[in-house]
Structure formats: structure tokens, C-alpha cells
Amino acid sequence: MSDPAPTGITIEQALGQASAHWNAGQADQAERLCQHVLAIWPGQSDAHHLLGLMAHAYGNLDNAIDHLRRASQAPRVQAIYLSNLGEMCRQKGLLVEAEEAARRAVTMDATMVAGWNNLGIILQEEGKLDDSLSCLERVVSLQPNYAEAHNNLGNTLKRLGRLDQARWHYARALELAPGYAEALSNMSHLLNDLGDLDQAMTFARRAIDANPRLSDAYINAAAVEVARDRYTEALRWIDALLSFAPLHVGALGVRATALRQLGRLEEALAEARRAAAAAPNDGEIQNISGEVLQAQNKLPEALAAFDRAALSTGFAPEKALVNRGIALMEQGHKGDAEVVFENILAHNPRSVPAWFNFADLHRFRPGDPRITAMEALLAPGGIEGRADRTALHFALGKAWLDVGNPERAFAHLDDGNRRKRASFSYDATATDRWIDEIIAAFPAERFQHPRAGISGSDLAVFVVGMPRSGTTLVEQILASHPDIFGAGEMSALQVAVNTAGLYPASAAKFSVEEEAALGAQYLEAIRPLALQHRRVVDKMPSNFLFAGLIHRILPDARIIHVRRDPVDTCLSCYTKLFTREQQFAYDQTELGRFYRSYDRLLDHWRTVLPADRFIEVRYEDIVGDIERQSRRMLAFCGLDWDPACLDFHHTARIIRTASLNQVRQPLHADSIGRWRPYAQYLAPLLDALGISAAPAVETIVSDVPKVRAKRGPRLVAG
């Protein structure tokens, strides 16, 4: 049994002994002495402060804050108590109270380095970056060899976009303290932003080695894998973190994001809800929840989550407004979305996500001051982050094309594409071989073998083709029919294929039973979407890679291949920074080479797939006679004609592709032969495609020459 609290000692002696016991690791004795003091003097600030520190050390943040609040109510409270209250409130997310306490602390003692440091961190998290910078620069001036201050100053500079300066301060922190895990982790985060992914991963691993329980290091390692589009690997880092911190809010948020990218939306929503339950006022978690709900087409719930995020502090409100603008774009509310982005830019003219989305919506005119504003962000002292600079180059490329200055447009597009291409590894030769392997895995004789007997596979309609070839337009036309649901770009087929093994080697060996299981798995994913509809359109363009497998696993599914002039298609790809990774698209030679591989594969599908399950539609033919081509596609899908298909641009539905703004407009021929005025900027692409830049009327809707003769008869089938 523990000894009772001592008697016959003064309050000063009891507090001195309590501090000694706490410093010696004897928490029980320290707590008894503090409670003894409070029994005599209920508001004694020193006892409350020490109990608060003890509660914090044992993970009871609410109890710690309660004690620090009581300590801070004393008439002659010490400045350090207020500073500690500010730090604990920051950890709890109570940033307004945290700032108030921290400011009181430095007002009382302007020489207190820890106080200015705490205030600088609080202001940083509130998004008050200039004030944060001033505080942390003061800390460094007061104590130049304070490694933590250099680390914190680096964080503020990074958020201000001053990446070179941030890097210097992280490096200085590591000079002063080579094993400083937090600085190692922050350097990883910075290097990720700069596009140096290998070094970013090295620093994340070093941080974990220095402190195996540093949560941010695991999150930054996962962020590197996300930057590489390796979401499964990102989940491994997050799961390692959750193994010792199962309710870590940031980890749950990253896990939800990775699962969303993998198309595992129900799991993603479950993780987002776990995080939101643990931290209901965390704006970043509300944004992540909204993004998952948005991916599930639950727009009212998504917008409500974004609204909650907008009421939080720090950087989450700006992100919430950007997300709201994107949601409005996807629903076709172009004007409302443009207003949202303009409002963001009025308050934060350095918001690259707002500029990028605004540029996609806006039609620029000569002399538009917004172009000058974006150009300024690329000048010295402007935006330094790799991804942000890349996005600005694409936005400016579009703007200069709008105003009719292709020279300046392609200077930006070439720079943006180079930057994007440098951020990942892509092997064009390996891709060519992979296409050959797909062709070899599906020889003509394979389609003579018995197929999977899947009931209801006529529910599925696949719209495939190169990105920017007109697949979104075709889906929008079909989805305007009352019996067709347009599901957008679904990942369900790719997920099913990936779970079955390495494609195409695994697919070449599938038994009929395995094919049937894959088909059933896919239908299970799309049936909930169908409701009263007879057909569900899956418009993932890259499903052209699986056309032969689709016919094996879903014998009654229809495949519509959309074709467009190859140079127009590739130019349109080259001018877009894709949300989904299209790694072949950011170098003109690689882009042309990929197009020819795609073309070779479609030659094969055209030869081996039956005309009642596979047809091709030209974008140019749709523009020339939309009714004829729409009737043809509906007949192919086994449906009667409906004139609503001609008014596709009025159809209210969510669209999430790079063409979401164009497809809301009536058809016009402006995009046919679009590439010819820009031929001088497309020499590597034209060389790779084997197409001459010389004017030729008959080639305005040309194909790659080697296959032109093959395509004519099949295009009028169906």
C-alpha cells in the first residue's frame, strides 16, 4: 500500500518534492504531493501545471489541458505555463485558444525562446504563415544553434512555397542534430515536393530508423509511394504505422485516400469515418471524407463534408473550396465553379489548384491580367514546388492557346510535360513488348474455345480508346438514353484482372471457370449502379488493353472503340495534365510510339472479335452526323432510338474526365484537324507517328498510314 501524503510540510516543500519525484520517474508520489497541495489550496497554479505535464506524458491530453487552464487562471501565472497550455491546445486542434495562450506568454516574457517557438508552430497550423515566419525567425535569432527552431522555420518556409530556404533550414537542423528524426522526416516531405523521390524515401527511412514510432515519417514514406502511383505499397507503410497507433487520424486519412485511388471505395469511406469519429473537427479529414463520398457520387454528403472542412482552421478551408469547385464542375455548373475559384484567388492568389481548375474553365482573351498573374508565380520568388510549377505550366499553355499565341503556349506545355515526365520512370520499349504479349495471349483460335456462361453479361457496355479520343462524348450520348447508366471511368475491371495475377501471362492460362469467376466479380461491381437501367457504360479508356479478355469473361458485353485522328488525339493528350496517370503522354516521341502500339493492338482486336460484340466509331463521324452514329451505337447495344441522345450536352450527370467541360457543349467541328496550325511544334510526335506535316485535305481525319486500308469495311458494321 502506498504511503499517505505527508503532513507537516509547507506547500513550497511539497511542490519541490513533487517535482523531484516526477524527474526521478516516480509519478505516483509526485501526483499525491500535488493533490495534497490542491486539497489545501485548490487553485494552486504550480500543482496544476505539474499535474498537466504528467497527464500529457501519459497521453491524457484532455486532462492535461484542464490542469493547464486552471494553472493559467492564477493572477501571477508564469509565462511558461501559458506557453505549455498553447502547445497542448495545438495538439488538441484548439488553435484559437492555443494562439491566445501563446501570445499571452510572449507578451509576459519577450525573451522566452520556447514561447516564441510554440507560437510560431501554432500560427503555422492556423495558416498565418507570415506571422509564423516572424516568430520563428525571432527564435533563430535568439538561439542560432536551436535545431528544433530551424526545423520549425523550415516547415513555415515550405508552406510559403520557399522551398530552397526551407531545405537550408532542415539541413541546418540536421547539422546541429544528425539523428533528429522530425527534421529527417520533413526533409523527406520537401524532397517529395521537389520531385526527388528516391532521396525522399531515403530520408523517410532514416527518420524511421532514428525514431521507429515517428508517425509522420511513415506518412511521408507513404506519400512517396503515392507520388509513384504505388498505392498498395503506400498502404504497407500506413499499416505499419497503424500497428502501433491504431487510431492515428492522419494515417487513417492517408489510408482512405490510397483505398480511394485503388477503387476500394467502401473500405475508403469506412477509414475516413473512423478518422472523422476520432477527430470530428479536423478539416483535412473532412476533406478526405468528402473526396471519397464524391467518388461514390454521393454529392450532397460530399458537399456537406467540404462545408465542414471550410469551417476549420489552417489550410483545410482552401482545399475544401477547391474541392467544392471541382464538384460543381463535375455536375456541369461551370459558372458557379468559376466563381468559387475566383473567390479563392481573391484571398490567395498563390493557390495553384485554384489557378489550374480556373484555367480549364475559363476562355482567356488577349490582355487577360490573369495570364500575367500566373506567369509571375513562375518567376523567382514565386511557386517552387515541382507539382505546382508543373500544373502552372499546363494552365499557361492552355491560356496562351486560347489567346492565339502557340509559341508561348508550347514553351509552357513543353516545360510542363518535361517536368511531369521527370517525376516517374517509364520504359517505352517494355510497353511495346507488353502490347505484343497481350496480342500473343489472345490468338484468334482462343475465341473458338468454349466461353464462360455468365448470365446477365449484356448489362455491360465498354467504351474504350485512347485518352482524349472522344470516349467521354460517346458515353454522354449513350447515358442520355433512359435505359443506359453512364458509370464513368470505373476501375473494377482492372482491379479484377490485377487480383488474378500478372496480365497478360495469367490471362493466357485462365480456365473457363476462372474466366467465369472474373466476369461474376465484375458484374457484382456494376449491378448496384444499374437500378432500372438495362445497360451500364464503363468508360475507362484503357480497357482497350482487355478487350479480348472482356469477350471471354463477359460474352454478351458490348465494346465500343472510339477513334479520332491520331495527331489530334495525341495533341489533346499532350496539352493535358491528367488526374489518372497516363505515363506515355508527357513526351512527344513516347506518345507517338504508344499510339502506334495501341493501334497495333486494336488491329488485332478488330480481327479476332465478332462484329456483334465489338464496333468502332470515329469521333469525326459523330461530329459530322450525330444522329446516324447515335442510332448505330444504340442498335449495337440492343436498344431502341431515343432523341434525348441528340441533346447529350443537356444531360445532367456527374462527369470526371479531362473532357468534362467540353462535353457540356453542343458538337462543333473546331477540334477536327486541330493539330495542323501547330505542326511546327509537333515534329517529334509526327515523326513517331510516321505522318507528314504537309497540308493534305484528305488526311484531316487520317489514321496512321499502315492501317488505313483495313479500317474502312468494319466502320460501317453494326
For residues that are among the small types (Gly, Ala, Ser) and modelled with pLDDT of 90 or more, tally how many sit in the stretch 15-29.
-> 4
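To keep it simple, each residue is scored yes or no on (1) closer than 30 Å to residue 420 by Cα; (2) modelled with pLDDT under 90.
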position: 516; (1), (2): no, no
position: 525; (1), (2): no, yes
position: 528; (1), (2): no, yes
position: 542; (1), (2): yes, no
position: 545; (1), (2): yes, no
position: 551; (1), (2): no, no
Could you please find all residues in the stretch 274-291 being closer than 20 Å to residue 327 by Cα and either of a type outside the set (S, T, N, Q) or without any contact (Cβ under 8 Å) to a residue 24 or more places away in the chain (or both)?
-> 283, 284, 285, 288, 290, 291
Given (1) over 30 Å from residue 73 (Cα atoms); (2) in a helix (DSSP H, G or I), where does residue 161 come up short, assuming only one miss?
-> (2)
Right, residue 171: part of a helix (DSSP H, G or I) and crowded, with 20+ Cβ neighbours inside 10 Å or not?
-> no
Residue by residue through the stretch 468-489, note down the ones that are in contact with a Ser or Thr (Cβ under 7 Å, 6 or more places away or on another chain) and among the small types (Gly, Ala, Ser).
-> 469, 479, 480
Among the candidates 535, 527, which residue alone is under 16 Å from residue 559 (Cβ atoms) and of a type outside the set (Asp, Glu)?
-> 535
Working carefully through the options 535, 433, 451, 468, find the one that is modelled with pLDDT of 90 or more and either under 24 Å from residue 611 (Cβ atoms) or aromatic (Phe, Trp, Tyr) (or both).
-> 535
So which residues in the stretch 433-476 are touching a Gly at 6+ places or on another chain (Cβ under 9 Å), more than 14 Å from residue 553 (Cβ to Cβ) and of a type in the set (Asp, Glu)?
-> 475
Verdict on residue 19 being of a type in the set (S, T, N, Q), crowded, with 19+ Cβ neighbours inside 10 Å and in the same structural domain as residue 115 (by TED's automatic domain parsing) = no
Return yes when residue 419 is in contact with a Lys or Arg (Cβ under 7 Å, 6 or more places away or on another chain) and assigned to a helix (DSSP H, G or I) and no when it is not.
-> yes
Filter result for residue 371 (at pLDDT 95 or above and crowded, with 18+ Cβ neighbours inside 10 Å) = yes
Residue 13 polar (S, T, N, Q), surrounded by 16 or more Cβ atoms within 10 Å (Cβ to Cβ) and free of Cβ contacts under 8 Å to residues at least 24 places away in the same chain = no
The listed residue being touching a residue at least 60 places away in the same chain (Cβ under 8 Å), under 25 Å from residue 261 (Cα atoms) and assigned by TED's automatic domain parsing to the domain that holds residue 440, out of 591, 571, 601 | 591
Any hit, the stretch 397-404, residues being under 21 Å from the mean Cα position of the chain (by Cα) and either in a helix (DSSP H, G or I) or outside the structural domain of residue 162 (by TED's automatic domain parsing) (or both) | no
Pair list, Cβ under 6 Å, 6 or more apart: the stretch 243-265 residue outside the structural domain of residue 216 (by TED's automatic domain parsing), other residue among the aromatic types (Phe, Trp, Tyr) = 258/231; 261/231; 262/231
Could you please find all residues in the stretch 138-190 being touching a residue at least 24 places away in the same chain (Cβ under 8 Å) and out of contact with any helix residue (DSSP H, G or I) (no Cβ under 8 Å at 6 or more places or on another chain)?
-> 162, 164
Quick one: would you say residue 76 is under 25 Å from residue 108 (Cβ atoms) and loosely packed, with under 15 Cβ neighbours inside 10 Å?
-> yes
Report, by residue number, each residue of the stretch 22-42 that is surrounded by 13 or more Cβ atoms within 10 Å (Cβ to Cβ) and of a type in the set (Asp, Glu).
-> 31
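Yes or no, residue by residue, for (1) surrounded by fewer than 18 Cβ atoms within 10 Å (Cβ to Cβ); (2) more than 23 Å from residue 504 (Cβ to Cβ); (3) among the β-branched types (Val, Ile, Thr):
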site	(1), (2), (3)
427	yes, no, no
443	yes, no, no
447	yes, no, no
456	yes, yes, no
460	no, no, no
476	no, yes, no
Looking at (1) farther than 22 Å from residue 583 by Cβ; (2) under 30 Å from the mean Cα position of the chain (by Cα); (3) of a type in the set (Gly, Ala, Ser), can you tell me which one residue 516 breaks?
-> (2)
Taking residue 231 as meeting all but one of (1) more than 13 Å from the chain's Cα centre (by Cα); (2) within 16 Å of residue 498 (Cβ to Cβ), write down the number of the exception.
-> (1)
Unmet criterion (only one of (1) more than 30 Å from residue 352 (Cβ to Cβ); (2) in a loop (DSSP other than H, G, I, E, B); (3) within 25 Å of the chain's Cα centre (by Cα); (4) not β-branched (Val, Ile, Thr)) for residue 581 = (1)
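For every residue, the table says whether it meets (1) within 33 Å of the chain's Cα centre (by Cα); (2) of a type in the set (Val, Ile, Thr); (3) outside any helix (DSSP H, G or I).
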site	(1), (2), (3)
426	yes, no, yes
432	yes, no, no
455	no, no, yes
458	no, no, no
462	yes, no, yes
469	yes, no, yes
472	yes, yes, no
490	yes, no, yes
Sort through 545, 523, 531, 502 and tell me the only one that's at positive phi, surrounded by fewer than 23 Cβ atoms within 10 Å (Cβ to Cβ) and of a type in the set (A, V, I, L, M).
-> 531
Does residue 647 qualify as being at pLDDT 55 or above, more than 29 Å from residue 297 (Cα to Cα) and under 38 Å from the mean Cα position of the chain (by Cα)?
-> no
The lone exception for residue 96 - which of (1) under 36 Å from the mean Cα position of the chain (by Cα); (2) over 28 Å from residue 167 (Cβ atoms); (3) surrounded by 19 or more Cβ atoms within 10 Å (Cβ to Cβ) it fails = (3)
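The values are calculated or read from the model by the stated rules, or taken from the named source; none is laboratory data. Please read these numbers as outputs of a predicted model, since none were measured by experiment. No Cβ is skipped: glycine too gets one built from the backbone with ideal geometry, and neighbour counts run over all protein chains shown.
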